[in-house]
Every structure is written in C-alpha cells, then in structure tokens.
1. Given Ala330, Ala325, Ala291, which one is loosely packed, with under 12 Cβ neighbours inside 10 Å and not in a helix (DSSP H, G or I)?
2. Looking at region 414-425, I want the residues that are in the same structural domain as Asn363 (by TED's automatic domain parsing) and have a partner that is acidic (Asp, Glu) and assigned to a helix (DSSP H, G or I) with Cβ atoms under 9 Å, at least 6 apart or on another chain. Which pairs are those?
3. Taking the conditions exactly as written (of a type outside the set (Gly, Ala, Ser) and over 38 Å from the mean Cα position of the chain (by Cα)), does Asp335 satisfy them or not?
4. Taking strands (runs of 3 or more DSSP E) that fall entirely within region 1-47, which contain at least 3 residues that are among the hydrophobic types (A, V, I, L, M, F, W, C) and either in the same structural domain as Arg134 (by TED's automatic domain parsing) or in contact (Cβ under 8 Å) with a residue 40 or more places away in the chain (or both)?
5. Out of region 129-158, which residues are surrounded by fewer than 15 Cβ atoms within 10 Å (Cβ to Cβ) and either touching a Leu at 6+ places or on another chain (Cβ under 7 Å) or not hydrophobic (A, V, I, L, M, F, W, C) (or both)?
6. Can you tell which of Tyr418, Tyr387, Tyr408 is modelled with pLDDT of 80 or more, aromatic (Phe, Trp, Tyr) and over 60 Å from the mean Cα position of the chain (by Cα)?
7. Please verify whether Val398 is touching a helix residue (DSSP H, G or I) at 6+ places or on another chain (Cβ under 9 Å), modelled with pLDDT of 90 or more and among the aliphatic types (A, V, I, L, M), treating the condition exactly as stated.
8. Scan region 378-420 for residues that are loosely packed, with under 11 Cβ neighbours inside 10 Å and acidic (Asp, Glu) and jot them down.
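The values are calculated or read from the model by the stated rules, or taken from the named source; none is laboratory data. Not measured: the values here are computed from a predicted model. Positions of Cβ are generated from backbone atoms using ideal geometry, with glycine treated the same way; all protein chains shown enter the neighbour counts.
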Amino acid sequence: METNGTLIVLQRINQYEFAVEIKVMREGVNRNRWDYQNLEKYYETFLGQPILCAFVNGKIGDGHNMREKTNRETGEKYYSFTDATAERIVGALSVDKDDFSIQEIDGEKWLVAKGRLWEFYAPELVDKIIRTGRMDVSAETMVEDSYEDGDIEVFTKWTGLGVTILGDDVQPAIPSASIKALELLKDEFAEAKLKAASYEQRESDQANKANSKKEKQGDNGMVILNPRECSVLQETYFTAYKVLSAMHDEDKNETLVCLMSDDGSTYSYVMADGEKTVLPERIKSVSVNSAVNFDAERSVPVDSFEMVRALSQNVVTLSNEKKNAEERAAKAEADLKAMQEAETARRKKAAKAAAKSALEKYNESAECAVDAKVLEDIDKDIDDGEYDDCVNCDGEWVGEEAAMNAVYAECGKQAQKYNEEKIAKNSKVLVWDKDGAKKASEGGVKAILASLRNSK
C-alpha cells in the first residue's frame, strides 16, 4: 500500500516536453498521521499548479529547499532561491479538469492528474525518471481548517499549491510550510509557462516549416503567438481583458498584445521581453477598422467597435427580455404554488367538516351513539394529505365523500360491536329461570310452591 504519491513518464510530447501521470495525494490517514478530507471538493485547486524539484550535489530530487537570509541594509529577513540546492520549477500540472480523476486504488481514494515536465529545465530529472520508472512526490497544500483527533491531524479545508518530486528517503513537507516559498516562485512559474508555450510553438513551426513561414512569420521578424501562448498571457498578465491576438517582434524584443474589455472596447499593449509587471497607464485605447469597398477606387472605413456595439445593444435587449421572462415565470410559479397551497388547505378543511357532519348525522338515529374520538385518526389522515388527491374519473376532487365514507365505516364497526355485545348479554338466561317463568304463567305462585313440594 503506497503512502506517498508517485510520478511516471507517459511519453515524449515533443523535443522539449514529456507527458507525466502523477498520483498526487490520497484521502485518509497517511504515514505522517495527516488525514486529508473532502478530496472531491478541493482537488480542482491543483489545476495548473507547478511541479517542483531540487538538485543537490548532482542528486536528483531533494526536499523543499530554500535559505532564509537577512538584508544587510534593512535587517529584514527573506527567503532566497539562489542557492545551488534551491527548489526549481520543472513542469506544471494540466489546466484541463478532464486530466484529473479520483480513482480507487487498493481500496483507497487517490487524486490522479496529468501534467508536463519541461526537459529544457530539468534534463537530468527526466533522464532519471526514465531510468528508474518512477519517483515519489509530495503534494504541497495550504491548510485552512483542521482539527486534532488524538495523534492525527485532520485537514477539512485546504488548497493545492503544487507537487514536489522527492529525493530518495525524503519525507513530504509539512502542510502550509512551503506557502511563502511557492509565492516567491510565482513570477518564475509564469515565465516558465511562457517559455514552455514558446518551445511548443517552435516545435510546431519546425514540423510545419513551409506553412509556418507563410502563416506565422514574415520577413520582418514578426511571429504571431498561437492560441495557447495568448491564453498564458491572459491568465498571467491581463486577467481583466481578453487577449485577442499577440505578435512578437524579434528585432525589438517586444510583444505586441491586442486586448478587448467586457464592453467590446479594444486596446493595445507593448510588452518588453522579461517584463513581469503590466503598467495600466501603458494600456492604450485603439480602433480596429474594417472597410466597405464601393468600387475599385472608393472605400469607407468602419470602426469595428461600432459594429460590435450594435450587436451588443441587441444582446442587451435580448438579455433584458430574457430576464423579464424569467421573472414573470418565477412569479407565475410562485402564484401557482400559493394557489395550490390554498386549495390544499381548503380541501383539508372541507374533508374534516364532512367527516364531522357524517358522524353527527349518524348519531341522530343510532341506537348507540359513536364517540367523537373516532374522528381523531381520520383527521390525522386528512392532515397527512391522504385525501388531498382523491379524484374521480373526471378529475374532480371527491375527498369530502371519501372522508364521510371513512366515518361511516368506523361507525359500522362500532354498531356491529354493540349488537354483538347485546346479543351475548341476552343469551345468558338460566334453565330454571325459564321453567319458573313458565309455571308462573300457568298457575301463579301457588302452582309453583306445589310443584316444589311434590319434588320433595
């Protein structure tokens, strides 16, 4: 039974990357006496997170290495990743939810994920994994809610921050211990993702060299970024915008980025190579123009934003109509529910009244009146809804008649019981009582006395 997660190489994707599959973590108590709960609820926090590893004296894979240093001028302490043994980013988990799954392995629930190792960052690491077949990993997490159950720490709310490839005999990190370390690697991770996307594009360009020169790169050294590279730019630097397209100027070492805001307005931004912070004041509003050609010599420019705005107005109108329709439907549904509840209450009240009326009518002519307690069970059935949906073949509610019939049935039972008791009582007459009665009718008291004397 495994306690640590494991990483294996699946295949080479291209000259620069390998696909990997990682058993990230499992739910339940591990050998460190940690118990991660709610795997289904929080596993998606691992999407797109980094894969890390440390290199120590030629050894592949170590712990969670960093060094605390002190600024000589300010005295402020900080964490440094500049040492030879420092932890490095060597890949990333997939950003696609479909590449993550929760599987039952040997009776335990494991999070299994796909990712990529960047060989251009860690050729020795990939070479060792290919030779050994697998390596242990540790899930990096930030624990937000936990409690102690004896000597076990139970983590009920947590966030996945990454996966560290461990060296031989290296224990997993303490939860939340590497939060600051991973925060410091944030910029490096963003740069690494862009570099990986660039290498992937380079591989694609090499495989399709003839078409690539025509479609991706012109004679002026301008290279159009592919959709994946644009997506990385948007996620990393322009989260408030949609990156429509981007082009890299190899001569000037700049990337020209075309942006669009939620209202359809378009902007441009020139990003220098190595730039890690976007300056809002350099985001410039621009017009995207099309042209309507009237003939060979005349054409009229049209601002694309005006076209988008006209479409947006239609979208707004349709959205408002949809909202109003949904509100009307919700109100109608609420009104219908209120009417149904009122009708149900009316039916219950009518059924109880019919039951009471039936008992009173029966008792008016009954030899032995039935006690009103007989209504208690019937009223309870009415409250429980057993008469709410009593309908005939025409769909008409007949709950009143059903309640009355229930009362008459109970009254019939009690009348039968009364008659049985009466018959039993009348049948208890002694034989000598019958004979005495007969003699009395024939000769009176004297005849009876004479009969008694003769019997002696």
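1. Numbers: Ala330 fails: not in a helix (DSSP H, G or I); Ala325 fails: not in a helix (DSSP H, G or I).
None of the others qualify; the one that does is Ala291.
2. none
3. Working: of a type outside the set (Gly, Ala, Ser): yes; over 38 Å from the mean Cα position of the chain (by Cα): no.
The answer is no for Asp335.
4. Values: elements: 5-12, 17-26, 34-36.
Hits in region 1-47: 5-12, 17-26.
5. Across region 129-158, the qualifying residues are Arg131, Thr132, Gly133, Arg134, Glu144, Asp145, Tyr147, Glu148, Asp149, Gly150, Asp151, Lys157.
6. Answer to the selection: Tyr418.
7. Details: touching a helix residue (DSSP H, G or I) at 6+ places or on another chain (Cβ under 9 Å): no; modelled with pLDDT of 90 or more: yes; among the aliphatic types (A, V, I, L, M): yes.
So Val398 does not fit the description; no.
8. Asp384, Asp389, Asp394, Glu396, Glu420
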